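Student: I have a structure I would like to understand better, so I am pasting it below and will then ask my questions one at a time.
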Amino acid sequence: MKSREQEYKEIFIAEALEYFDALNRHISTLEKQPEDEQTLAEIFRLLHNLKANSKAIGYLQISDISHKLETAFSLIRSKELVFSDEVVTVLFDGIDMLGELIHNVDNPKFSEPDPILLRNLDIIVENLSESTIELAKVQKYNTSKNLSLSELVYIQIKKLDHMMNLVGELMIDRDRIISISRELGNDDLKSVSSHLYRITEDLQYSVMDARLVNIGSLFNKFPRIVRDIAAAENKEVNLSLSGQDIQIDRNILQIITDSLLHLVRNAITHGIEKPEEREKKGKKAAGELRLSAQSDRDNVLITLQDDGRGIDMKTVMKKAVERQLVAAEVAKDLADNEVLSFIFEPGFSTAKEITEFSGRGVGLDVVKNAIDSIGGRITVDSEKGKGTTFILQLPTSIAVKGALLFEVDNIYYAIPLIHTDQVVALDRDELHEVGDVIVANLKGETITVVYLNELLNAPEANMNLGDKTRLNGQVQNIIIVSYNNRKLGLIVDKLYRQQDIVVKPLSKPLQQIDIYGGVTLLGTGRVCLVLDVPAITRYFINMRQGRGDGKE
Amino acid sequence: MARDKSITNPGATAEPKAAEGQTQGAKKGEADVAQPEAEMVHLIVFKLGTEEYAIKIDQVKEVTTTPSVTRMPRTPDFVKGVANIRGDIIAIIDMEKRFQIRPAELIDGLISNQSYTLVIEAKDYSIGVEVKEVPQSLNLPVTKIDKAPSFLQDVSVSENFIEGLAKINNRLIIVLDMHKILTQDEINQLSKS
């Protein structure tokens, strides 16, 4: 693996060479049509970028010459310098020199740029119209230039998406072949299929790698955004960034961009207080906003933390009861994280109401849906007066996911690992019928448990989620899933292994059935349904509420 | 579009039947043979309930024996489930349930757990339609299809799907437009459940 620095350098060189080619093209055009404003502007832009890029990465000679050339062209643009023959020669020489430098950035033996040329450049820039001073003849380094093509190709993300899909298909077929080769027991087939396994694995990682971008490409936009929002709100905010080097799938980053912007905006407008208010509370006048990224096994965690006023649990609860999201008597006993989960409810707050009572939650359901759509998780933690923290847990890749396989009523299902907390086996006696649900006591934590077979297969009219007698067998396998700060235990019939799966989206007309996140094919060729944890949790809540209200 | 429009021969029984269907169509259509310029249409004919239905062949991607279908809980009952057909996972639809067609009583001797699936290619997706008997192939002149029968307003089966009625030697074949089989209403209905 190349170091990050080496990679940056290669990208710089490739880009610089492209600029160099473009400069050559444009200056040749300009020689023929000196009046062409557009070409001049383009040359200007290229030199300017080259100057900035080379300076950023530390190639000062390149940035120096770019700067001189840029100045010369700005004079030409403002008609202070005539695009005459001798000026043209100097400019061509200067651009050639840039090319030499770019080609030789890594060559320690390469000498300093020709001082005569540098002087010539200075002369045309500084002496303007007084053409009395002789321009010295520059000795050419090499007249027979090598033609070379760029080391970098730009590629449309669409093409990478297509490749990723193909790799997904290939993996499914590979698993099928491996399972067939096991059945047949042919040694040749076995060795070929294990080789195939390694190659597809490599291919998969290569394609995934090609899609990775630095989180910094998004994070680095925030200092300016934060400054602007803070200025508009008359607030002082210090933004600190970390983990810009962490890499993530480009499409995932694209999908969360709006969400992150939303959260940052919320944190400043509603979270962080005005300077005077902060000082009264004994806080520093400037609010602290931390945006950080870190890798966590196969996931990327993005944390946004502010030290603002936090979320007031009591008002959230009051609002939740008002909106009939929860019964008043139940609300009293909810844990903090359960209360906080209400802020993600659709329409939980419209802008006005929320600023009055807690200042959070404008369209947080939209944020949540975006995160859900890529199979990620969002959690929130807040303490009144101390601040709020949002944690986004994101997969590094969209297509391939670790998942837990299981069976319910002879149908294979999978749940992405990002939503599973733990797996437990409990005796039937450890499950209790409380009201219209079953609950289990797990290390002091009370968790609602639901029999998936009942939830998925019983006719909706006589579904009974609180009836233990519908369970099969004595020992129950339970997958604890977590969604929106809430835990739910899913009782399954048989538990299988953990496995990387390629989730295929459901094709029309089924793609609108939201309890399924997609399907996958197992090595045996069997179809396995991938459950969407957010949707199944919602479905469960709807079924309970429907019954509670006497509907259905 | 429909690249491999091969009709996978589903079994030994299929051949004579399909052939018979074709010869019938050709023999009784003598009048049309006399005018070779008459536009022909190629249909795949199958039975739902006790009636014959047909789909134009260019809407049919393939005919195959029904592979194992994975039931999908919490979908409308006319969705039998999903099946893996050559690596594509497609929805299998029970048309009798879909159109509330009374299933035919089982004829003695024809009891089989074998069924056939027509893979229909819509604009941007495929669906499978399960039928109990081997579908037949039939060529007939376009003129034999009555495009706009006035009675359609009275038919309970949503008239949108019926492209016309083909009448040929005392047979009446209902020609369906499969592209309209799942209209927006339908899709909405799916998402609600």
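The values are calculated or read from the model by the stated rules, or taken from the named source; none is laboratory data. This is a predicted model, so every value here is computed, not measured. No Cβ is skipped: glycine too gets one built from the backbone with ideal geometry, and neighbour counts run over all protein chains shown.
Each row is one residue, and each column tells you yes or no for (1) outside the structural domain of residue A:326 (by TED's automatic domain parsing); (2) in contact with a helix residue (DSSP H, G or I) (Cβ under 8 Å, 6 or more places away or on another chain); (3) not in a strand (DSSP E or B).
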{"position": "A:418", "(1), (2), (3)": "yes, no, yes"}
{"position": "A:422", "(1), (2), (3)": "yes, no, no"}
{"position": "A:455", "(1), (2), (3)": "yes, yes, yes"}
{"position": "A:461", "(1), (2), (3)": "yes, no, yes"}
{"position": "A:478", "(1), (2), (3)": "yes, no, no"}
{"position": "A:481", "(1), (2), (3)": "yes, yes, no"}
{"position": "A:499", "(1), (2), (3)": "yes, no, no"}
{"position": "A:506", "(1), (2), (3)": "yes, no, yes"}
{"position": "A:511", "(1), (2), (3)": "yes, no, yes"}
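Student: A follow-up question, please. Out of all the residues in region A:494-506, which are surrounded by 19 or more Cβ atoms within 10 Å (Cβ to Cβ) and either among the aliphatic types (A, V, I, L, M) or more than 25 Å from the chain's Cα centre (by Cα) (or both)?
Tutor: A:501, A:502, A:503, A:506
Student: Something else about it: Is it the case that residue A:101 is in the same structural domain as residue A:117 (by TED's automatic domain parsing), closer than 22 Å to residue A:124 by Cβ and of a type outside the set (Gly, Ala, Ser)?
Tutor: Spelling it out, residue A:101 is indeed in the same structural domain as residue A:117 (by TED's automatic domain parsing), closer than 22 Å to residue A:124 by Cβ and of a type outside the set (Gly, Ala, Ser).
Student: Applying the selection to region A:274-291, what residues are touching a Gly at 6+ places or on another chain (Cβ under 8 Å) and modelled with pLDDT under 90?
Tutor: A:281 - this is the single residue of region A:274-291 that is touching a Gly at 6+ places or on another chain (Cβ under 8 Å) and modelled with pLDDT under 90.
Student: So in region A:236-268, with the set limited to residues that are touching a residue at least 60 places away in the same chain (Cβ under 8 Å) and either touching a Ser or Thr at 6+ places or on another chain (Cβ under 8 Å) or outside any helix (DSSP H, G or I) (or both), which one is surrounded by the most Cβ atoms within 10 Å (Cβ to Cβ)?
Tutor: First, pick out the residues of region A:236-268 that are touching a residue at least 60 places away in the same chain (Cβ under 8 Å): A:245, A:247-252, A:255-256, A:258-260, A:262-263, A:266-267.
Next, from what is left, pick out any that are either touching a Ser or Thr at 6+ places or on another chain (Cβ under 8 Å) or outside any helix (DSSP H, G or I) (or both): A:245, A:247-249, A:252, A:255, A:267.
Working: A:245: 11, A:247: 20, A:248: 24, A:249: 22, A:252: 22, A:255: 17, A:267: 29.
Looking at the filtered set, the residue picked out is A:267.
Student: Also, quick follow-up: Given the conditions (1) part of a strand (DSSP E or B); (2) at positive phi, which single one is not true for residue A:525?
Tutor: Answer for residue A:525: the failing condition is (1).
Student: Right, something else. Tell me which residues, restricted to region B:63-80, are in a strand (DSSP E or B) and facing chain A (nearest Cβ under 8 Å).
Tutor: Selection gives B:70, B:79.
Student: When residues of region A:507-521 are filtered for being surrounded by fewer than 23 Cβ atoms within 10 Å (Cβ to Cβ) and more than 10 Å from chain B (Cβ to nearest Cβ), how many remain?
Tutor: Selection size over region A:507-521: 0.
Student: Can I ask one more? Quick check on residue A:541: is it surrounded by fewer than 23 Cβ atoms within 10 Å (Cβ to Cβ) and either under 21 Å from residue A:423 (Cβ atoms) or over 25 Å from the mean Cα position of the chain (by Cα) (or both)? Reasoning before the result, please.
Tutor: On the way: surrounded by fewer than 23 Cβ atoms within 10 Å (Cβ to Cβ): yes; either under 21 Å from residue A:423 (Cβ atoms) or over 25 Å from the mean Cα position of the chain (by Cα) (or both): yes.
Spelling it out, residue A:541 is indeed surrounded by fewer than 23 Cβ atoms within 10 Å (Cβ to Cβ) and either under 21 Å from residue A:423 (Cβ atoms) or over 25 Å from the mean Cα position of the chain (by Cα) (or both).
Student: What number goes with the only condition from (1) at pLDDT below 80; (2) over 14 Å from residue A:485 (Cβ atoms) that residue A:325 does not pass?
Tutor: Of (1) at pLDDT below 80; (2) over 14 Å from residue A:485 (Cβ atoms), only one is false for residue A:325: (2).
Student: Report the residue count in region A:151-197 for those that are within 30 Å of residue A:254 (Cα to Cα), more than 14 Å from chain B (Cβ to nearest Cβ), of a type outside the set (A, V, I, L, M, F, W, C) and surrounded by 14 or more Cβ atoms within 10 Å (Cβ to Cβ).
Tutor: Matching residues across region A:151-197 total 1.
Student: Same structure, new question: Is there any pair linking a residue in region A:417-442 that is in contact (Cβ under 8 Å) with a residue 12 or more places away in the chain to one that is among the polar types (S, T, N, Q) and outside any loop (DSSP other than H, G, I, E, B), with Cβ under 6 Å and at least six apart or on different chains, and which?
Tutor: Going by the 6 Å Cβ cut-off, the qualifying pairs are A:421/A:482; A:425/A:477; A:426/A:476; A:437/A:448.
Student: Now a separate question. Scan region B:33-68 for residues that are without any contact (Cβ under 8 Å) to a residue 24 or more places away in the chain and within 19 Å of residue B:126 (Cβ to Cβ) and jot them down.
Tutor: Hit for region B:33-68 is B:68, nothing else.
Student: If you scan region B:122-141, which residues turn out to be away from chain A (no Cβ under 14 Å) and in a loop (DSSP other than H, G, I, E, B)?
Tutor: B:132, B:133, B:134, B:135
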